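Structure record follows, encoded as structure tokens.
The values are calculated or read from the model by the stated rules, or taken from the named source; none is laboratory data. Only a predicted model underlies this, so the values are computations on that prediction, with no experimental measurement involved. FYI the Cβ positions are ideal-geometry reconstructions off the backbone, even for glycines, and counts take in every protein chain you see.
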Amino acid sequence: MTALIFIKPDGEKVTVEATNGATVMEVAKENDMPMLAACGGSLACATCHVIVDDVWYDKTGEISEDEEDLLDTAHGLTHTSRLCCQIKVSDELDGMVMTLPPMD
Ligand code: FES
């Protein structure tokens with residue numbers, strides 16, 4: 001199991017156990033994080049936006065052009081923003097910290 005740490009929009013820090021191979025979005029939803037993830041992971045909504053802690057960003061993997069285009073529509077975009085339905089959980093991400101932007 002891999003630990004992921006979410007910081008909710010209200011500042012609460014929540015550590016959850018994640019199964020390798022799942023997407024970070026699936027883990028967030030399973031743990032009732034405040035995230036819409038409206039398209040269910042089909043890269044069509046940008047409501048699974050997370051801001052990855054700087055030191056972890058490089059470990060989250062390649063960003064596709066489609067993800068980049070969609071990210072441009074996300075509110076509060078930063079240089080470490082990702083759409084977390086595109087991040088697969090693995091041992092490498094054990095301890096990763098992400099901030100959830102406020103839901104609109
Ligand atoms: S859930 Fe819609 S883009 Fe990730």
Near the ligand (Cβ under 10 Å from one of its atoms), over 22 Å from K13 (Cβ atoms) and either surrounded by 15 or more Cβ atoms within 10 Å (Cβ to Cβ) or not hydroxyl-bearing (S, T, Y) (or both): is that true of A46 in this structure? yes
Quick one: in the range 49-63, of everything that is hydrophobic (A, V, I, L, M, F, W, C) and farther than 15 Å from L83 by Cβ, which residue is surrounded by the most Cβ atoms within 10 Å (Cβ to Cβ)? W56
Cβ-Cβ distance below 9 Å, separation of 6 or more or different chains: which pairs start in the range 76-93 with a residue that is at negative phi and within 9 Å of the ligand (Cβ to nearest atom) and end on one that is of a type in the set (V, I, T) and part of a loop (DSSP other than H, G, I, E, B)? L83/T47; L83/I63; Q86/I63
Which of the residues belonging to the range 56-65 are outside any loop (DSSP other than H, G, I, E, B) and either within 9 Å of the ligand (Cβ to nearest atom) or free of Cβ contacts under 8 Å to residues at least 12 places away in the same chain (or both)? D58, E65
Looking only at the range 11-41, which residues are within 13 Å of C84 (Cβ to Cβ) and either modelled with pLDDT under 95 or outside any loop (DSSP other than H, G, I, E, B) (or both)? V16, A18, T23, V24, M25, E26, V27, A28, K29, E30
